[in-house]
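Single-structure report; data block below.
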Amino acid sequence: MHELLPPITLETGLHWLDLIGVLAFALSGALLGVRKRFDLFGVLVLGCVTAVGGGAIRDTLTGQTPPLFLRDETYLYAALLGAALAFAFGERLARFERTLSVFDSAGLALFAASGALGAINFGLGPLGVVFTGAISGVGGGIIRDLIANEVPEVMYRRDQLYATAAAAGAFTVWALHPHVTPFQSQLGGVVVVIALRWISRRGWARLPVRRLSGE
């Protein structure tokens with residue numbers, strides 16, 4: 001008897017989680033466009049660059065051209081879907097900020113881990129791996145903020161570990177890679193990112209801020 005559904009492999013699960021992350025990033029970017037009163041085209045563009053920008057930077061840095069979202073248009077469809085949902089139901093979706101934050105953290109973790117793994121496979125050293133993983137996770141958000149004429153949020157979000165969490169996850173992938181399978185190292189990086197995001201959202205960890213005298 002033929003199976004109605006193919007077995008779910010680890011690779012398939014990570015792929016679907018990756019698409020959920022793309023969808024969440026698209027929602028966050030598009031919601032900013034809605035708040036800025038962009039038109040439909042502007043909202044779609046902002047949502048898409050947020051969703052695939054980090055992955056495009058990752059693929060460029062690791063020599064995988066053209067970027068994955070052009071080789072597998074499923075990512076573009078997910079990004080367009082997220083942006084369209086934000087445009088159509090922006091006010092309602094904004095009420096589920098906590099839920100969207102969970103998906104955003106998942107997307108950050110998966111992009112950081114996949115970026116780190118790609119950098120390892122490309123032969124980069126530990127600093128290169130950490131940089132590539134971190135920029136893969138936060139790159140889309142930086143592009144989003146620059147297009148929307150905002151100071152990139154990762155530069156001042158000291159009350160929550162975001163870029164730092166992505167860098168820590170990337171480092172975890174690099175540290176685990178010689179000892180476990182590639183997918184196990186990637187999952188380890190994902191767990192570290194999500195754990196740091198969870199800890200920081202509860203106010204248990206934050207980065208120091210240097211203040212000048214007289215401020």
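The values are calculated or read from the model by the stated rules, or taken from the named source; none is laboratory data. What you are looking at is a predicted structure, and each value in this text was computed from that prediction instead of being measured. Positions of Cβ are generated from backbone atoms using ideal geometry, with glycine treated the same way; all protein chains shown enter the neighbour counts. Each accessible area value is taken on the protein alone, full model and side chains, heavy atoms only, with ligands, DNA and RNA left out. Shrake-Rupley method; radii C 1.70, N 1.55, O 1.52, S 1.80 Å.
Of note:
- Treating r as the C-beta distance of Leu40 and Leu127 and R0 as 45 Å, the FRET efficiency rounds to 0.60.
- For Kirkwood radius over Cα pairs in Å, calculated from these coordinates, the label among (1) 21.0; (2) 18.0; (3) 17.5: (3)
- FRET efficiency, 1/(1 + (r/R0)^6) with R0 25 Å, evaluated for Ala148 and Phe89 via beta carbons: 0.80
- Among the protein heavy atoms, those of Ile143 account for about 60 Å² of accessible surface (1.4 Å probe, every chain in place).
- Surrounding net charge for Val190, when Lys and Arg each add one and Asp and Glu each subtract one, Cβ distance under 13 Å: 0
- Burial order of peptide ranges 182-189, 147-154 (average beta-carbon count within 10 Å, highest first): 182-189, 147-154
- Summed side-chain charge close to Asp59 - residues other than Asp59 whose Cβ falls under 12 Å, Lys, Arg +1, Asp, Glu -1: +1
- Residues of the stretch 64-184: accessible area per residue with a 1.4 Å probe, Å²: 52
- What you get for the chain, charging only the Cβ of Lys and Arg (+1) and of Asp and Glu (-1), is a dipole of about 780 debye around the Cα centre.
- Accessible area of the chain belonging to carbon and sulfur atoms, whole % at 1.4 Å probe: 66
- Take the chain and mark each of the trypsin sites (Lys or Arg not before Pro) that is in a DSSP loop with at most 10 other Cβ atoms within 10 Å; the longest unmarked stretch, sites excluded, is 38-201.
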